[in-house]
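Below is one structure, written out as structure tokens; comments come after it.
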Amino acid sequence: MDDDWEKRLAAAWDTLDAYGEENAGEFRALIDGLAAELPADNPVAPFERACAFDSTGHSDRAVPLYREALERGIEGLRRRRALVQLASSLRNTGRAEEGVALLTPELDAPSDELDDAVRACLALCLANLGREREGLALVLGALAPHLPRYQRAMANYARLLVADTPA
């Protein structure tokens, strides 16, 4: 992968909405073509293919590709994206508990730009499991630092939502 490939990939993703539902297969073919340019064992290829399936409504087909990317050792921000997106796809396919198991350790991972996405997706997985208070606590905790006021109050409310929740 080089800068040119990354730029072409970004340009392809910028066109996703232009394809619409009826031409989603053409978009997936575009991403598949770019992924095919990578070495056979490159973990980015199945990751990008998974993203294309996910973004066109096929979470079920994305799951094994995300797993393949992770097994191949995808790194950096794409690794964390793969975890978030895999958890989301698992939730969409009725396996929210697997999503919780994937994302819970990410709460203690080094901070990056995906922290809020981890919490939001984990909150959705928790809600699917009937653990809405825990999910709301995560979302409020993620939101609090972004508020111009009330950061302390919202962080405290988030903590209190789960203070009396059994583990």
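For the pair residue 21 and residue 150, the difference between a 0.36 nm per residue extended length and the Cα-Cα distance amounts to 42.3 nm. Among the GluC sites (Glu not before Pro) in the stretch 55-115, those placed in a DSSP loop whose Cβ has at most 14 other Cβ atoms within 10 Å are 75, 113.
Based on Cα atoms of the stretch 1-71, Rg over Rh with Rh as the Kirkwood radius reads 0.96.
Helices in the chain, meaning DSSP H runs of at least 4 residues, each add -39500 (n - 2.57). Divided by all residues, the mean residue ellipticity at 222 nm is -22000 deg cm²/dmol.
So what does log10 I(q)/I(0) come out to for the chain at q = 0.18 Å⁻¹, using the Debye formula with one equal point on every Cα and no solvent? Scattering profile of the chain, log10 relative to I(0): -1.11. Tally Lys/Arg at +1 and Asp/Glu at -1 over every other residue whose Cβ is under 15 Å from the Cβ of residue 34; what's the total? That sum, taken over residues with Cβ under 15 Å, equals -4. A simple rule links phi to the HN-Hα coupling: the Karplus curve 6.51 cos²θ - 1.76 cosθ + 1.60 with θ = phi - 60°, which for the stretch 141-149 gives x, 6, 6, 3, x, 8, 7, x, 9 Hz, with x for Gly and Pro.
Only the coordinates and a few stated rules stand behind these numbers; no lab work does. As the structure is a prediction and not an experimental result, all values here were calculated from the model. As a convention, Cβ positions derive from the backbone with ideal geometry for all residues, glycine included, and neighbour counts pool all protein chains shown.
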